[in-house]
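Structure record follows, encoded as structure tokens.
The values are calculated or read from the model by the stated rules, or taken from the named source; none is laboratory data. Quick caveat: nothing in here was measured; it's all calculated off a predicted structure. Cβ: placed from backbone, ideal geometry, glycine included. Neighbour counts: every protein chain shown. These accessible areas exclude ligands, DNA and RNA; they are computed on the full protein's heavy atoms, side chains included. Shrake-Rupley method; radii C 1.70, N 1.55, O 1.52, S 1.80 Å.
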Amino acid sequence: VDATAMEDLHDMSCGILIRNTLGESIYGVNSYDSKTGSRPIGKGAHRKYIFSIPMNIGSGNYSVTVALHSGDTHVESSYEWRDMAVIFQIVRPAGLEFVGTAYLDSSIEIVG
């Protein structure tokens, strides 16, 4: 997520939320809660937030909401909010079959 401050801000965090086609929240995280933090930024300064997330989710279409805000939530001060900033599709390769919204790396042992 690339951001440029339009004014001096005492702190700025970046968060994302992945939603499925029903609008259900699948996963959300922000820089404040992930211990990366919320830092001041000066007017005209540029900042890039890079999220690395393994997409261990079920096949289907998803969207990403992006928010720039102060502190740990967008409630106090929301600087930017973009629903459907990115839309993507997950297609599972053959051999990696499961049911549900999340792939939990599991194993099955047969005894007897």
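Quick notes on this structure:
- The stretch 64-93, residues that are open to solvent by 100 Å² or more (accessible area, probe 1.4 Å) and either assigned to a loop (DSSP other than H, G, I, E, B) or touching a residue at least 40 places away in the same chain (Cβ under 8 Å) (or both): VAL75, GLU76, VAL91
- Residue match in the stretch 16-29 (condition: open to solvent by 50 Å² or more (accessible area, probe 1.4 Å), in contact with a strand residue (DSSP E or B) (Cβ under 9 Å, 6 or more places away or on another chain), among the aromatic types (Phe, Trp, Tyr) and in a loop (DSSP other than H, G, I, E, B)): no
- Positions within the stretch 31-56 being in contact with a Phe, Trp or Tyr (Cβ under 9 Å, 6 or more places away or on another chain), farther than 14 Å from TYR79 by Cα and buried (at least 18 other Cβ atoms within 10 Å of the Cβ), in sequence order: SER31
- Residue list for the stretch 20-59, filter: without any contact (Cβ under 8 Å) to a residue 60 or more places away in the chain and among the β-branched types (Val, Ile, Thr): THR21, VAL29, THR36, ILE41, ILE50, ILE53, ILE57
- ASP11 being of a type in the set (Asp, Glu), touching a residue at least 40 places away in the same chain (Cβ under 8 Å) and outside any strand (DSSP E or B): no
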